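Readers should treat all values here as calculations from the given coordinates under stated rules, not as data from a laboratory. Given the structure is predicted, the values throughout are model-derived calculations rather than measurements. Cβ coordinates were reconstructed from backbone atoms using ideal geometry, including for glycine residues, and neighbour counts include every protein chain displayed.
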Amino acid sequence: MLFRLILLFTITPIVELFLLLKLAKITNVWVTISIVLFTGILGAFLAKSQGRLILFKIRSEINEGKMPGDQLINGLCVLIGGALLLTPGIITDAIGFSLVIPGTREVFKGVVKKYLSKRIQRGDIHIHYRRW
């Protein structure tokens, strides 16, 4: 796992830098910088607005006595997507936008649900709850 993280945090910036340099060569430096700034600002705005909406839905479900499992996964996706959007790069922006936008987030949410379900069935994750 540590080796995968090391690869992720070393290879991803190199690939992103390569793509940004190619984009700057095709267009120009100012267009590339503008794209990086625009996606960062738009991403921060989208993450903030989606985060507020998700918090509202979590509160509503808790008030109704429901477990907000889907909304918690949505919140995790928006948090990760927002962080990716603040990271300069083409690939991270594409993944970040797909995690922040509600329609495309459903794909990732399904993957996370399957992953957690398998881990729970194997006994890797234990769920404890207390009745009030």
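Side notes on the structure shown:
- Whole-angstrom gap from region 28-48 to region 111-132, using each part's C-alpha centre: 37 Å
- Its Cα centre serving as origin, region 2-122 has a Cβ charge dipole (Lys and Arg +1, Asp and Glu -1) of approximately 400 debye.
- Calculated [θ] (222 nm, deg cm²/dmol) that DSSP helices of n ≥ 4 give over the chain, each run adding -39,500 (n - 2.57): -29000 deg cm²/dmol
- Helices assigned as whole DSSP H runs in the chain whose Cα atoms extend at least 27 Å along their own long axis and whose mean Kyte-Doolittle hydropathy is -1.0 or higher are found at 2-26, 29-63, 102-122.
- Dipole-positive endmost among L86, I11, V112 within the chain (Cβ charges, Cα centre): V112
- On the basis of the beta-carbon distance and an R0 of 30 Å, R119 and F9 show a calculated FRET efficiency of 0.80.
- Linear extension gain, S49 paired with D70, 0.36 nm per residue minus alpha-carbon span: 5.8 nm
- Mean separation of Cα contacts under 8 Å, 6 or more apart, over the residue count of region 2-122: relative contact order %: 26 percent
- Per-bin percent of Cα-Cα distances, region 2-122 [10 Å]: 13, 33, 32, 15, 5, 1
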